[in-house]
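Down below is the structure, laid out as structure tokens.
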């Protein structure tokens, strides 16, 4: 089951990631192929390698998410330390005194 | 470079006895400012000198601090109030952290002084420190070679003697592999031992902060300060971590210890690494340890499991980087998707983009059961393998990396080959067990070889004690 350029473009859309615009240093895109083409090849190789997991018999084996054995860690719902508004705003590319400003992306 | 650093515990003892923390920190700052390896990407001169003066004042007031005046460096994924932190990625250009990571805060409270930020693979994704937006780091033993990754700058800065202690993070070997390749001690503690609050997340179920040092005693001193539950990280362990600095007598530390060795680890090792592993086995036996053959039958699948789980977690964790609340933002978006997609495309480098797409693939509808759930099940089998192995032995000895430091550029164009260089380190992250790389001589080219010791989860104190014993045998 090969990963195609079409698959890569779909994944890029799901991941909110444009392809072919970033710098391609360290990638084989320097050879003239598009980033999507190079990415399809790389992902296909890696997913092909990962297929080895299908050989492992996991019948009745529980999936593990936390290895420390902690379950549902809760705490009292009390107000705690929060960041100062000016500190938060300071990191945004554009902001007013009270809000992060973003570009207009809808027409009405 | 103006000499090399003294060990952390030597500096702390002399500062506690009245020597100036400012002097120790000033010397380290000068070394950091004259770094030629690209290991250091930021020097915090003013902040460090003010902190050193505060340590001097505390000591004059009668306090005795475990890390008094010890200069430390931080990997660029650890938050420090008022300082730039960027994961060596363009997407965080200009980001100033509004808070300090818990691990760092604890070190500062114990008298340590942050002097610099170190280079790393972008978002800790890499094994050679060649994916940083600040350019590659050079290995202090041979500048034509890579230092390992992803915490390559921290490993190199300790191995080069710029600082006695540096922090890294280890998701699949990112502390142990560069420690091995540069000739430093590097430890990944048990999962949950050190709070991850203020560590920019990569793979949350795998990430752990840990120390680089020039000795196990210094590494233990740093871990003892950092370890312990933190209300800001619900995955931090509620247990108490006693005895971490109680390394005992190295000469007797190994007597009666059952050292597990794994036959399958020998295949694929370069002769130089193999020779050091064999030498360690002989030396351990002579020191009174018993070698026990053990096996981790599912370890061979660890790289496959890792590249499903780590990329799945990363694709989710890195969704927050959209260019709106922090980082640079592109102009004139055509739509909301276009705004996100172009911010992320220009902000993330190729390896990060590759892993986000892979993680998106394994988590997507129709593939989740075949990849993500399957990988979590095999992860359970790897955990069970460790439980079985540690019923028969106290510690597992093995290689950290199949090779010594390779040449810059050698594996960069072949992601799978790069991923396979972590074959011996990943299983410890999957099972959460503590693991340490201890320098054990060099190969025939004079390049450092580190050996890995692993114990059962939460046995960090025992691991350090055995590591100190192995370290003594290397001398």
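Values quoted throughout were computed directly from the atomic coordinates according to the rules given, and no laboratory measurement underlies them. For clarity, every value in this text was computed on a predicted model and none was experimentally measured. Quick reminder, even Gly has a Cβ in these numbers, built from the backbone with ideal geometry, and neighbours come from all protein chains shown.
General remarks:
- Counting beta carbons within 10 Å around each of B:311, B:235 and listing the fewest first gives the order B:235, B:311.
- Working note: Debye formula, equal point scatterers on the alpha-carbon atoms of the range B:265-404, no solvent; log10 I(q)/I(0) at q = 0.19 Å⁻¹ is -1.10.
- Fewest neighbouring Cβ atoms within 10 Å first, the residues B:342, B:47 line up as B:47, B:342.
- Listed peptides B:65-76, B:436-447, B:113-124, A:65-76 by packing density, highest first (mean Cβ within 10 Å): B:113-124, B:65-76, B:436-447, A:65-76
- Anisotropy class of the range B:382-421 from Cα gyration tensor, a/c 1.5 cut: oblate
- Secondary-structure-derived ellipticity at 222 nm for the protein assembly as shown, considering helices only, amounts to -11000 deg cm²/dmol, per-run term -39500 (n - 2.57) for DSSP H runs with n ≥ 4.
- In plain terms, the residue of B:362, B:163, A:5 with the fewest other Cβ atoms within 10 Å comes first and the most crowded comes last, giving A:5, B:362, B:163.
- Neighbouring Cβ atoms from other chains, within 10 Å of the Cβ of residues in B:298-309, number 3 on average.
- Global form of chain A, assessed from the alpha-carbon gyration tensor, a/c cut-off 1.5: oblate
- Looking at the range B:28-140, the DSSP beta bridges with both ends there are about 45 percent antiparallel.
- Using R0 = 25 Å, the C-beta based FRET efficiency linking residue B:50 and residue A:87 works out to 0.80.
- DSSP bridge pairs, the range B:8-226: antiparallel proportion in percent, nearest 5: 65
- Placing pseudo-labels 7 Å out from each Cα toward the beta carbon at residue A:10 and residue B:33 gives an inter-label distance of 5.7 nm.
- By DSSP, the beta bridges lying fully in the protein assembly as shown are antiparallel in about 65 percent of cases.
- In plain terms, if you count all Cα to Cα distances in the range B:335-446 and split them into 10 Å steps from zero, the share in each step is 10, 27, 32, 23, 7, 2, 0 percent.
- Counting only other chain Cβ atoms within 10 Å of each residue's Cβ, the peptide B:340-351 averages 6.
- For the range B:15-121, alpha-carbon Rg over 2.2 N^0.38 Å: 1.07
- Both radii are taken from the alpha-carbon atoms of chain B; with Rh as the Kirkwood radius, Rg/Rh is 0.96.
- Rg and Dmax over the alpha-carbon atoms of the protein assembly as shown stand at 23.1, 80 Å.
- Hydrodynamic radius of the range B:325-386 per Kirkwood, over alpha carbon pairs, in Å: 14.3
- Note on the range B:8-226: Rg/Rh from Cα positions, Kirkwood definition for Rh, rounded to two decimals, is 0.94.
- For the range B:199-240 versus the range B:35-103, the spacing of their alpha-carbon centroids is 17 Å.
- Given in Å, the Rg to one decimal and the Dmax to the nearest whole number for the Cα atoms of the range A:42-104 are 23.1, 58.
- Number of partner chain Cβ atoms within 10 Å, mean per residue of B:232-243: 2
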